[in-house]
Amino acid sequence: MPDSDFGYTAWGKDWVRLAEPLRQTRPDPQLPRARRLARDGKVELTIDGRTVRAVVHHGRTTFTANIELEPMPPETKAAISHHLSGPRPTLTDDLYRTLTTDGHRPAPHVTTTDCTCPVATPRCVHVLAAYYETARRVDDDPRVALEAQDYFRASSQGADVRAAATPQRWVALNALEPDDYF
Ligand SMILES: [Zn+2]
């Protein structure tokens, strides 16, 4: 199953949906190539504000695709930061479902895309590859999904939330009980 590499978290799945919208009934013939570019490590991503920039090494040529996102609605931000204030805040699939049920689905919305390649379409293979690579990065660390919607920078308690939303595999030093060691 080619799709299983991308979007195995609810947060990452949103980015796969940008490449594979549900409303699109006929599969886009570029998708396998886009997935291959991402899987083969040909896509270098940087996130700057609400822009995801992808440098895509395509054969001997390099193209740069930019994806601009809408800012996250303040209510969604507030809902996320409310849920992240617990003792062990993590961006789990459960949290994603809770947010969605409460009407604050944290899905990204694209405003514009552009690419330096000659194909004049918002869905060239490089933009699609960037969606897949972002999906993969978000699966690894869902904070990337929030970062791309400028969640941290615009939030007044951004630094706190960023620290608090650390994935579970990291344990805060002050969370360790000294009794466990002595
Ligand atoms: Zn392109």
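Find the residue count for segment 87-97, including only residues that are without any contact (Cβ under 8 Å) to a residue 60 or more places away in the chain, part of a helix (DSSP H, G or I) and surrounded by 13 or more Cβ atoms within 10 Å (Cβ to Cβ).
Within segment 87-97, residues that are without any contact (Cβ under 8 Å) to a residue 60 or more places away in the chain, part of a helix (DSSP H, G or I) and surrounded by 13 or more Cβ atoms within 10 Å (Cβ to Cβ) number 1.
For segment 21-49, the set of residues classified as more than 21 Å from ASP150 (Cβ to Cβ) and free of Cβ contacts under 8 Å to residues at least 12 places away in the same chain consists of PRO21, LEU22, ARG23, GLN24, THR25, ARG26, PRO27, PRO29, ARG36, ASP40, GLY41, listed by residue number.
Could you tell me whether any residue of segment 69-91 is at pLDDT 95 or above and touching a Lys or Arg at 6+ places or on another chain (Cβ under 6 Å)? Yes: segment 69-91 contains one or more residues that are at pLDDT 95 or above and touching a Lys or Arg at 6+ places or on another chain (Cβ under 6 Å). The condition (being of a type in the set (Lys, Arg) and crowded, with 19+ Cβ neighbours inside 10 Å) is satisfied by just one residue among ARG39, ARG35, ARG26: ARG35.
Would a scan of segment 128-146 turn up a residue that is in a loop (DSSP other than H, G, I, E, B) and either without any contact (Cβ under 8 Å) to a residue 24 or more places away in the chain or under 23 Å from ARG33 (Cβ atoms) (or both)? Talk me through it step by step, then tell me what you get.
The first filter runs over segment 128-146 and keeps only residues in a loop (DSSP other than H, G, I, E, B), leaving 141-142.
So of that shortlist, the ones also either without any contact (Cβ under 8 Å) to a residue 24 or more places away in the chain or under 23 Å from ARG33 (Cβ atoms) (or both) come out as none.
No; the residues of segment 128-146 include none that is in a loop (DSSP other than H, G, I, E, B) and either without any contact (Cβ under 8 Å) to a residue 24 or more places away in the chain or under 23 Å from ARG33 (Cβ atoms) (or both).
If you go through segment 147-156 and pick out every residue that is surrounded by 21 or more Cβ atoms within 10 Å (Cβ to Cβ) and free of Cβ contacts under 8 Å to residues at least 40 places away in the same chain, you end up with 0.
Figure legend. Inter-residue proximity from segment 50-77: first residues closer than 16 Å to LEU18 by Cα, second residues among the hydroxyl-bearing types (Ser, Thr, Tyr) and within 13 Å of the ligand (Cβ to nearest atom), beta-carbon distance below 6 Å, spacing 6+ or different chains. Indicated pairs: ILE67/THR113. Note on segment 98-133: residues that are near the ligand (Cβ under 9 Å from one of its atoms), exposed (fewer than 14 other Cβ atoms within 10 Å of the Cβ) and not hydroxyl-bearing (Ser, Thr, Tyr) amount to 2. Does LEU45 fit the bill of being outside any loop (DSSP other than H, G, I, E, B), touching a helix residue (DSSP H, G or I) at 6+ places or on another chain (Cβ under 8 Å) and either closer than 27 Å to THR90 by Cβ or polar (S, T, N, Q) (or both)? Criteria met by LEU45.
This table checks each residue for (1) more than 16 Å from the chain's Cα centre (by Cα); (2) of a type in the set (A, V, I, L, M, F, W, C); (3) within 16 Å of the ligand (Cβ to nearest atom).
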position	(1), (2), (3)
GLY41	yes, no, no
THR46	no, no, no
VAL55	yes, yes, yes
HIS58	yes, no, yes
MET72	no, yes, no
THR76	no, no, no
ILE80	no, yes, no
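Quick grid of which residues meet (1) out of contact with any Cys (no Cβ under 9 Å at 6 or more places or on another chain); (2) under 19 Å from ARG136 (Cα atoms); (3) in a loop (DSSP other than H, G, I, E, B):
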{"position": "ARG23", "(1), (2), (3)": "yes, no, yes"}
{"position": "ARG35", "(1), (2), (3)": "yes, yes, no"}
{"position": "VAL52", "(1), (2), (3)": "yes, yes, no"}
{"position": "ILE67", "(1), (2), (3)": "yes, yes, no"}
{"position": "THR76", "(1), (2), (3)": "yes, no, no"}
{"position": "ALA79", "(1), (2), (3)": "yes, no, no"}
{"position": "HIS82", "(1), (2), (3)": "yes, no, no"}
{"position": "SER85", "(1), (2), (3)": "yes, no, yes"}
{"position": "PRO106", "(1), (2), (3)": "yes, yes, yes"}
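The values are calculated or read from the model by the stated rules, or taken from the named source; none is laboratory data. Being a predicted model, the structure only gives us computed values, none of them experimental. Please note: Cβ atoms are built from the backbone with ideal geometry, for glycine as well, and neighbour counts cover all protein chains shown.
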